[in-house]
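Peer 1: I have a structure here, written as structure tokens, and I will follow up with some questions on it.
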Amino acid sequence: MPTKPLVIVDPHFRRMAEIFSPHDLARLYDVVEVVGGKDEPMPLDDFNQAIGNAQAVICADWRYGDEALANAVNLRAILTVSGGFPHNLNYDECFSRKIRVLSAAPAFARSVAEMSLALALSASRDIAAGDRAMRAGNEVWLHAGNANAFMLYGKSVGFVGYGSLARALRPLIEPFGCRISVHDPWLTDGYLHSLGVQPVDLDSLLATSKVIFVLAAPSSENRALLSRECLERIQKGAVLVLVSRAHVVDFDALTDLVVAGRFKAAIDVFPTEPLELDHPIRQAAGAVLSAHRAGPTEEGCWEIGEMVVDDLEAIVLGLPPQRLQNAQPELIERYMTNTIRKVAKA
């Protein structure tokens, strides 16, 4: 019987049961010989002992150094389960040796897309505000209670970024008959047209969209892309849904404008997490706030394991992986860390 390929599984900070359903964990052990597979970080001595024979490494980040990569003479793929590409990895060497570097970011796409639609509806129909008013006993009934609400049907919708999140969200939006425009400088206009969406410049998208979804991955080029000047172009009463990273937005300006009632916002990601208790966005009547809950549902996390095993099966068979996001030489150095600054706890 042929020997199964050896794969190092070191998912910490994630837990094995968090990312692998029982079914996919069984598939993993059927497809490859697993070294590690614990919730605790794999001791570096154990990693270095195994890396020379490993054909793949499943990890949350590359914490093993350049020497380990040089010693990984049989390595064919690095599969990361964090949701971003690994830091401290020599990508030039990986590309020159044809080592695939794969990110589990697409695993969260459906979960984030579903939450994005829920946040948009909550903000546009004032669902959260209406619930707060009802609990406080100062609700406004019937037609008068909808003074600032609007229906999503037939509205102009803008996507800032058209990666895996946007592509998962679009089918959920389509039944509402919305006109979808897209701003994504990493995709050509011709390609976006071929996907059936309308490429536009950022200013036009902000000025014409009734609902704006911020879906762009953080990069070296888009920090505070939505500056105060840009945000002031958003039409009064519109809704901005922020679900990718706060990196993309001037969050102070966003807070000021939402507090002032210029437009509404539904926000799942923040510059610091947990969010400061005295942050003014907490008191904004026009804000719907979520504690970074869009992605990590049980099903979303288990989709990581499903995609990892699917792509490992392909790699073992000598086929290209199809499910995880493949690092591209033209873009990899432009991605920024997806680490969020944490508030220190006493």
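Peer 1: Suppose the filter is under 29 Å from GLY300 (Cβ atoms) and in the same structural domain as VAL248 (by TED's automatic domain parsing); does ARG135 pass it?
Peer 2: Details: under 29 Å from GLY300 (Cβ atoms): no; in the same structural domain as VAL248 (by TED's automatic domain parsing): yes.
So ARG135 fails the test.
Peer 1: When you scan region 1-84 for helices (runs of 4 or more DSSP H) that lie fully inside it, which ones turn up with 1 or more residues that are farther than 22 Å from GLU313 by Cβ, of a type outside the set (S, T, N, Q) and modelled with pLDDT of 95 or more?
Peer 2: Details: elements: 16-19, 22-31, 44-50, 65-71.
In region 1-84, 44-50, 65-71 are the helices (runs of 4 or more DSSP H) which contain 1 or more residues that are farther than 22 Å from GLU313 by Cβ, of a type outside the set (S, T, N, Q) and modelled with pLDDT of 95 or more.
Peer 1: Quick test for you: out of ALA144, ALA118, pick the one residue that is surrounded by 15 or more Cβ atoms within 10 Å (Cβ to Cβ) and out of contact with any helix residue (DSSP H, G or I) (no Cβ under 8 Å at 6 or more places or on another chain). Explain how you work it out, then say what you get.
Peer 2: Values: ALA144 fails: surrounded by 15 or more Cβ atoms within 10 Å (Cβ to Cβ).
Just one listed residue meets the conditions, ALA118.
Peer 1: Name every residue in region 199-240 that is part of a strand (DSSP E or B) and either touching a Lys or Arg at 6+ places or on another chain (Cβ under 7 Å) or closer than 16 Å to ALA265 by Cβ (or both), in order of residue number. Write out each step before concluding.
Peer 2: Pass one, region 199-240, residues part of a strand (DSSP E or B): 199, 211-214, 219, 226, 239-240.
If the condition is that a residue be part of a strand (DSSP E or B) and either touching a Lys or Arg at 6+ places or on another chain (Cβ under 7 Å) or closer than 16 Å to ALA265 by Cβ (or both), then VAL211, ILE212, PHE213, VAL214, SER219, LEU226, VAL239, LEU240 are the ones that fit.
Peer 1: Which residue is surrounded by the fewest Cβ atoms within 10 Å (Cβ to Cβ), if the candidates are limited to region 241-287 and must be part of a helix (DSSP H, G or I) and among the small types (Gly, Ala, Ser)? Walk me through how you get there before you give the answer.
Peer 2: Of all residues in region 241-287, those part of a helix (DSSP H, G or I) come to 246-248, 251-259, 280-283.
Restricting the remaining residues to those that are among the small types (Gly, Ala, Ser) gives 246, 253.
Working: ALA246: 23, ALA253: 17.
Within region 241-287, the match that is surrounded by the fewest Cβ atoms within 10 Å (Cβ to Cβ) is ALA253.
Peer 1: In addition: From the residues in region 227-253 that are within 18 Å of GLU273 (Cβ to Cβ) and among the small types (Gly, Ala, Ser), which one is nearest to the chain's Cα centre (by Cα)?
Peer 2: Of region 227-253, the ones within 18 Å of GLU273 (Cβ to Cβ) are 241-252.
Of the ones still in play, those that are also among the small types (Gly, Ala, Ser) are 244, 246.
Working: SER244: 5, ALA246: 11 Å.
In this case the residue turns out to be SER244.
Peer 1: Exactly one condition in (1) surrounded by 20 or more Cβ atoms within 10 Å (Cβ to Cβ); (2) assigned to a loop (DSSP other than H, G, I, E, B); (3) not assigned by TED's automatic domain parsing to the domain that holds VAL308; (4) not polar (S, T, N, Q) is false for ALA123; which is it?
Peer 2: (2)
Peer 1: Within region 165-184, can one find any residue that is over 21 Å from LEU215 (Cβ atoms), assigned by TED's automatic domain parsing to the domain that holds PHE213 and touching a residue at least 24 places away in the same chain (Cβ under 8 Å)?
Peer 2: No: zero hits.
Peer 1: Out of the residues in region 288-323 that are assigned to a helix (DSSP H, G or I) and without any contact (Cβ under 8 Å) to a residue 40 or more places away in the chain, which is nearest to ALA246 (Cα to Cα)? Spell out the reasoning first.
Peer 2: Step one: list which residues in region 288-323 are assigned to a helix (DSSP H, G or I), which gives 298-316.
When the remaining residues are screened for being without any contact (Cβ under 8 Å) to a residue 40 or more places away in the chain, the result is 298, 310, 314.
Working: GLU298: 24, ASP310: 31, ALA314: 35 Å.
This residue is GLU298.
Peer 1: State which residue is nearest to ALA217 (Cα to Cα) when the search covers only region 230-245 and only residues that are among the hydrophobic types (A, V, I, L, M, F, W, C) and in contact with a strand residue (DSSP E or B) (Cβ under 8 Å, 6 or more places away or on another chain).
Peer 2: Pass one, region 230-245, residues among the hydrophobic types (A, V, I, L, M, F, W, C): 230-231, 234, 238-243.
Filter once more, keeping what is in contact with a strand residue (DSSP E or B) (Cβ under 8 Å, 6 or more places away or on another chain): 231, 234, 238-243.
Details: LEU231: 18, ILE234: 21, ALA238: 23, VAL239: 20, LEU240: 16, VAL241: 14, LEU242: 11, VAL243: 10 Å.
Ranking the candidates gives VAL243 first.
Peer 1: Residue under question is ALA60, and the condition is that it be among the aliphatic types (A, V, I, L, M), closer than 21 Å to ARG15 by Cα and either in contact with a Leu (Cβ under 6 Å, 6 or more places away or on another chain) or without any contact (Cβ under 8 Å) to a residue 12 or more places away in the chain (or both); does it hold? Show your work before the answer.
Peer 2: Working: among the aliphatic types (A, V, I, L, M): yes; closer than 21 Å to ARG15 by Cα: yes; either in contact with a Leu (Cβ under 6 Å, 6 or more places away or on another chain) or without any contact (Cβ under 8 Å) to a residue 12 or more places away in the chain (or both): no.
Spelling it out, it is not the case that ALA60 is among the aliphatic types (A, V, I, L, M), closer than 21 Å to ARG15 by Cα and either in contact with a Leu (Cβ under 6 Å, 6 or more places away or on another chain) or without any contact (Cβ under 8 Å) to a residue 12 or more places away in the chain (or both).
Peer 1: Six or more apart or on different chains, Cβ under 6 Å: which pairs go from a residue in region 150-164 that's at positive phi to one that's modelled with pLDDT of 95 or more? Could you list them?
Peer 2: Listed pairs, sorted by first residue: GLY154/GLY177; GLY161/ASP184; GLY161/LEU215; GLY161/ALA216.
The values are calculated or read from the model by the stated rules, or taken from the named source; none is laboratory data. Model, not experiment: these values are computed from the prediction. Backbone-built Cβ (ideal geometry, glycine too); neighbour counts: all protein chains shown.
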